[in-house]
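S.K.: The structure that follows is given in the form of structure tokens.
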Amino acid sequence: MARKPILRSNQHYYHITTRSNNKEDFYLPKERMWNLLVSYLRLLQQEFNLKIGAFVLMDNHLHLLLMTPDADIDRVMYFLFKKLSLQIR
């Protein structure tokens, strides 16, 4: 089944979730993952004027509630996951 197209909005929060491969724990220790994500989210807030409603880091996945005033969620997520994947390798 094809994925539904993204509805871009500057008025509603997006629920973003991602997890590690094969449902395994993240390769980095949880404290390191937390520090990386918090620093990147702060950077995103400055660069893209994000509003973060919530952030939860679990052992093998994470949840984010984000609002993007410029309706550019695709650019925001590309930036975040590219930066994060380069650190995890």
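S.K.: Here are some residues: Leu7, Leu57, Leu41. Which one is modelled with pLDDT of 90 or more and closer than 15 Å to Val76 by Cα? Lay out the reasoning, then the answer.
M.R.: On the way: Leu7 fails: modelled with pLDDT of 90 or more; Leu57 fails: closer than 15 Å to Val76 by Cα.
Exactly one of Leu7, Leu57, Leu41 is modelled with pLDDT of 90 or more and closer than 15 Å to Val76 by Cα, namely Leu41.
S.K.: Name, by its number, the condition in (1) of a type in the set (Ser, Thr, Tyr); (2) open to solvent by less than 40 Å² (accessible area, probe 1.4 Å); (3) free of Cβ contacts under 8 Å to residues at least 24 places away in the same chain that does not hold for Tyr78.
M.R.: It is condition (2) that Tyr78 fails.
S.K.: With the checklist (1) farther than 15 Å from Gln87 by Cα; (2) loosely packed, with under 13 Cβ neighbours inside 10 Å in hand, flag the one item Glu31 doesn't pass.
M.R.: Among (1) farther than 15 Å from Gln87 by Cα; (2) loosely packed, with under 13 Cβ neighbours inside 10 Å, Glu31 violates only (1).
S.K.: Something else about it: Of everything in segment 46-75 that's over 17 Å from Ser9 (Cβ atoms) and over 12 Å from the mean Cα position of the chain (by Cα), which residue is surrounded by the fewest Cβ atoms within 10 Å (Cβ to Cβ)?
M.R.: Of the residues in segment 46-75, the ones over 17 Å from Ser9 (Cβ atoms) are 46-47, 54-63.
Right, trim to over 12 Å from the mean Cα position of the chain (by Cα) and you get 46-47, 58-60.
Numbers: Gln46: 8, Glu47: 11, Met58: 13, Asp59: 12, Asn60: 14.
The selected residue is Gln46.
S.K.: Inside segment 7-20, can you point out the residues that are farther than 15 Å from Met58 by Cβ and either of a type in the set (A, V, I, L, M) or open to solvent by less than 100 Å² (accessible area, probe 1.4 Å) (or both)?
M.R.: Residues of segment 7-20 farther than 15 Å from Met58 by Cβ: 7-14.
Correct list: Leu7, Ser9, Asn10, Tyr14.
The values are calculated or read from the model by the stated rules, or taken from the named source; none is laboratory data. The structure presented is a predicted model; accordingly, all values stated were derived computationally and were not measured. Here the Cβ is made from the backbone with ideal geometry for all residues, glycine too, and neighbour counts use every protein chain on show. The accessibility values were calculated without ligands, DNA or RNA, using every heavy atom of the protein model including side chains. Shrake-Rupley method; radii C 1.70, N 1.55, O 1.52, S 1.80 Å.
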